[in-house]
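**Q** One structure coming up, written as structure tokens, with questions to follow.
The values are calculated or read from the model by the stated rules, or taken from the named source; none is laboratory data. Remember, predicted model here, so these are calculated numbers, not experimental data. With ideal geometry, Cβ positions are generated from the backbone for all residues, glycine too; neighbour counts draw on all protein chains shown. Calculation scope for accessible area: heavy atoms of the full protein, side chains included, ligands and nucleic acids excluded. Shrake-Rupley method; radii C 1.70, N 1.55, O 1.52, S 1.80 Å.
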Amino acid sequence: MSIKFGIIGYGFMGHVHEEMLANLDGAQVAGICDIDEEQLKNVKDGIKRYVHAEDMLANPDIDVMIVAANNNQHKELVLKSAKAGKDIICEKPAALSVADLDEMVKAVNEYGVKFTVHQQRRYDRDFRVAKEVYDRKLLGELYTIKSSLYGFNGNMHDWHIFIEEGGGMLYDWGVHLLDQILWMIDSNIKTVFADMRNVINFEVDDYFKIILKFENGITAEVELGTYYLSDKPDWFERHWFMGGNKGSMYLDGFKPKGKLVRTTRLLQNVPGKKIMTASGPTRSFGEPSPGLIVTENLPEIYTEHGDYFRNYLKAWKGEGEFLVKIPEIRRVLSLMEAVRESAKTGHTVDFE
Ligand SMILES: NC(=O)c1ccc[n+]([C@@H]2O[C@H](COP(=O)([O-])OP(=O)(O)OC[C@H]3O[C@@H](n4cnc5c(N)ncnc54)[C@H](O)[C@@H]3O)[C@@H](O)[C@H]2O)c1
């Protein structure tokens with residue numbers, strides 16, 4: 001028997017969900033709702049169309065609602081879905097504040113429905129490779145982890161430039177990048193420092209740099225910029241860097257390319273050897289002596305689009321747990337509030 005899904009919000013992500021579920025055994029899209037009737041004109045035959053969420057929620061055949069509407073709609077749609085007794089997958093960010101999330105969780109518990117959030121970037125291959133390096137302690141004691149994403153064309157689209165709609169890059173990609181870091185690093189955060197900018201947007205952030213100091217000694221830096229203009233061929237760049245006392249890892253791209261890099265011996269105090277660069281002489285940043293640098297391939301990790309829903313279908317049937325748990329979502333939203341506070345005050349914020 002297939003689990004029947006209803007999709008609320010048939011824009012970019014609503015279409016992605018529909019296509020994903022159409023290719024998965026054990027799932028069926030039974031209804032699609034959008035307040036904008038135009039959006040519904042391409043809904044396939046056999047799938048019911050709704051303009052009002054309430055009408056789709058009254059359909060007893062639908063088991064799970066996927067909330068894929070604009071960010072500022074999530075709370076109301078989750079509350080209504082819970083009240084209608086539907087299980088819920090909510091798009092990220094689950095809520096615009098921790099207080100809103102708490103209200104949603106209260107309703108979900110009151111009506112006894114299943115609730116999780118679409119933080120599917122926990123399956124991104126670049127992230128999983130970095131997480132494998134972390135989990136297997138391949139670099140010894142880590143001191144730094146950097147996760148960055150840059151857009152080279154200055155593009156921010158549709159409602160994402162309006163505060164009222166829940167726009168801004170912290171709510172957009174920021175929630176993914178922070179969720180990845182928090183899911184990877186198994187330690188409490190001591191302090192948060194953040195710089196957030198509206199470089200070209202009037203209302204919302206289009207750049208941020210966030211520095212998290214963890215109790216286990218790691219400092220993580222998460223940086224995103226949309227107005228990082230360049231004519232490089234890819235129009236975006238995704239990077240990871242990890243540094244430990246037994247080596248470094250660099251990783252570029254969503255299809256990860258990179259290396260683990262080590263030295264054959266430690267050079268703590270060597271005679272200074274001067275080399276000349278275009279910007280003058282240096283000793284510390286010259287080329288390494290022959291044979292000093294050795295590299296290893298990154299661990300091979302394969303994930304596929306659809307892994308999130310494969311996990312969901314199993315967990316829904318009671319065969320395991322949902323990958324994304326609500327206390328984890330709450331921690332990320334709390335962190336985002338600390339990020340905003342730090343960016344507003346210019347001060348470091350104590351956390352956890
Ligand atoms: N997980 C991811 O990787 C990922 C990627 C992109 C977007 N998203 C999330 O998906 C959600 C939708 O983003 P999008 O880019 O698809 O936006 P979009 O503007 O393309 O689509 C949103 C759709 O929701 C409809 N809508 C708005 N309010 C509604 C309501 N109350 N009831 C029914 N329909 C309503 C709009 O008419 C629109 O068609 C956002 O929360 C966004 O953060 C997640």
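**Q** Please work out which residue is nearest to V51 (Cα to Cα), limiting yourself to region 4-27 and to residues that are hydrophobic (A, V, I, L, M, F, W, C), within 16 Å of the ligand (Cβ to nearest atom) and out of contact with any strand residue (DSSP E or B) (no Cβ under 9 Å at 6 or more places or on another chain).
**A** The residue in question is F12.
**Q** Looking at the structure I just gave you, is K137 out of contact with any helix residue (DSSP H, G or I) (no Cβ under 9 Å at 6 or more places or on another chain) and on the phi > 0 side of the Ramachandran plot?
**A** Taking the combined requirement at face value, the residue satisfies it.
**Q** For N109, which of the numbered conditions (1) open to solvent by 10 Å² or more (accessible area, probe 1.4 Å); (2) within 16 Å of the ligand (Cβ to nearest atom); (3) out of contact with any helix residue (DSSP H, G or I) (no Cβ under 7 Å at 6 or more places or on another chain) fails to hold?
**A** Result: N109 fails condition (2) only.
**Q** Follow-up question, since we're still on this one. Confirm whether I163 is among the β-branched types (V, I, T), more than 10 Å from the ligand (Cβ to nearest atom) and surrounded by fewer than 18 Cβ atoms within 10 Å (Cβ to Cβ).
**A** Against the criterion (among the β-branched types (V, I, T), more than 10 Å from the ligand (Cβ to nearest atom) and surrounded by fewer than 18 Cβ atoms within 10 Å (Cβ to Cβ)), I163 qualifies.
**Q** How do the strands (runs of 3 or more DSSP E) wholly within region 1-73 filter down when requiring 3 or more residues that are open to solvent by 40 Å² or more (accessible area, probe 1.4 Å) and β-branched (V, I, T): which remain?
**A** none
**Q** If the requirement is being touching a Leu at 6+ places or on another chain (Cβ under 7 Å) and within 13 Å of the ligand (Cβ to nearest atom), which of these qualifies: L178, L149?
**A** From the options L178, L149, the qualifying one is L149.
**Q** Exactly one condition in (1) more than 14 Å from the ligand (Cβ to nearest atom); (2) part of a helix (DSSP H, G or I); (3) β-branched (V, I, T); (4) crowded, with 20+ Cβ neighbours inside 10 Å is not met by V78; state its number.
**A** Failed condition: (1).
**Q** Under 7 Å between Cβ atoms, which residue pairs at least 6 apart in sequence (or on different chains) link something in region 5-23 that is at positive phi with a partner that is more than 11 Å from the ligand (Cβ to nearest atom) and open to solvent by 40 Å² or more (accessible area, probe 1.4 Å)?
**A** Pairs found: none.
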